[in-house]
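Comments concern the structure below.
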Amino acid sequence: MVALVTGASRGIGKACALKLAEDGYDVAVNYNSNDAKAAETVAEIEALGRKAKAFKANTADLTAVQGMFREIQKEFGQLDVLVNNAGVVDDAYLLMINEDSLSRSLNINIKGYFHCAQQAALKMMSKKHGKIVNVSSVSSILAVEGQGVYSATKGAVNSMTATLAKELAPRGITVNAVAPGFIETEMLDAIPEEKLTEYNKSIPVGHFGTAKDVANVVAALCSPAFDYVTGQVIVLDGGLSL
């Protein structure tokens, strides 16, 4: 079994790559810029006894994505799972949003997911089996000030998940999404401490989630136990209410 995880050099993507490796997958590790971090992920997967290779590609660039999938096919011979995770967060209030940031978010968070889903589906359709899991965000459901653009892109991810699930179900491919809440990754570093305290008080379970929490749900959706689940957005937010 072979899985591709985009944005797998750190955070949620890395946790997903490692969890899938633990579950018996060889892993294609996609990343965009940090060679050293990608190499670390590959080494950790290999230490688990699975095959891994890093593939550098900007998912917003269709030509780069097509090239990456060709290389994955050469290296692994198949693709069973795609975890669409690569994304950006450029928080800004409405009047502070600039065109460059807006375009970057739309290109990576939406177009990048479509690019990878399209190429993955082409590989999976011949076998009539495959799993696509899109990483969304609780911001697609709850309003968070300053995240208008990010929320819009993640709302688009939820909508594309439902639509692609219907399109690909006859081909044996399931498409689901996970929508994490506040997860202990580098994304939280940019949030002021007092704001983090405020957010923490809004979580009934009393603490932020971890990247491994998200990876566990992603891996479950990729397992045979969830073959009958498709078109769903699974929220992991500890009961968050803002």
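Each value in this text was obtained by applying a stated rule to the coordinates, not by laboratory testing. Since the structure is predicted, the reported quantities are computational estimates derived from the model, not experimental observations. Glycine gets a Cβ as well: all are built from the backbone with ideal geometry, and neighbour counts include every protein chain shown.
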Review point. Over the stretch 2-236, what relative contact order in percent results from Cα pairs under 8 Å that are six or more residues apart?
Key: 20 percent
Study note, to complete from the structure: Burial-style ranking of 19-27, 35-43, average other-beta-carbon count within 10 Å with highest first, yields 19-27, 35-43
Check your understanding: In nm, to one decimal, how far is the modelled label at ALA162 from the one at GLU75, with both set 7 Å along Cα→Cβ?
Key -> 3.6 nm
Practice item. Taking every Cα atom in the chain, find the radius of gyration and the maximum pairwise distance Dmax, and write them in Å. Key: 17.1, 52
Check your understanding: Taking the Cα centre of the chain as the origin, how large is its charge dipole in debye, to the nearest 20, when only Lys and Arg (+1) and Asp and Glu (-1) carry charge on their Cβ atoms?
Key -> 1020 debye
**Study point:** Spin-label pair MET125/MET187, simplified geometry with 7 Å Cα→Cβ offset, distance in nm
**Key:** 3.1 nm
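Please list 224-232, 122-130 highest first by mean number of surrounding beta-carbon atoms within 10 Å per residue. Write down the numbers at each step before the final one.
Working: 224-232: 13.3, 122-130: 15.1.
Per-residue mean Cβ counts within 10 Å order the peptides as 122-130, 224-232.
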Practice item. Kindly rank 7-17, 195-205, 68-78, 213-223 from highest to lowest mean number of other beta carbons found within 10 Å of each residue. Key: 7-17, 213-223, 68-78, 195-205
